[in-house]
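Structure, as structure tokens:
The values are calculated or read from the model by the stated rules, or taken from the named source; none is laboratory data. If you're wondering where the values come from, they're calculated on a predicted model, not measured in any experiment. No Cβ is skipped: glycine too gets one built from the backbone with ideal geometry, and neighbour counts run over all protein chains shown.
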Amino acid sequence: MTAQQALLGQPTVTRPGGIALAILAGIAALITSVMASAGGTDELVLLVPVAFGFLVYFLPAIIAVVRCHHQGFAIVMLNWLTGWTVVGWVAALVWSSTAERNWVS
């Protein structure tokens, strides 16, 4: 918050999604550690489709975080918990795409 905003009583808008991004990073780290512990080259061939699948699965959450959606955490949770259903995934995708961008100036 700048001094001018404090004097004028203007609310500040921070970038949401820090928690959501941390959750996505944790999931990626978990996948990486599981794949690395398996060893061998056969698992490496499996890594690319699995990584692509997770990218597609978490696409609504990634869009919400990148677009700084004001409900970014809720979208990540909706995507994570109900993304395995087509309806939940589509709902999260639509919700993440209809955000107003709120930036800290």
So, in the stretch 30-71, of the ones that are β-branched (Val, Ile, Thr) and within 26 Å of Ala91 (Cα to Cα), which residue ends up modelled with the lowest pLDDT? Ile31
Would you check which residues across the stretch 76-90 are buried (at least 19 other Cβ atoms within 10 Å of the Cβ) and among the aliphatic types (A, V, I, L, M) and list them? Val76, Leu78
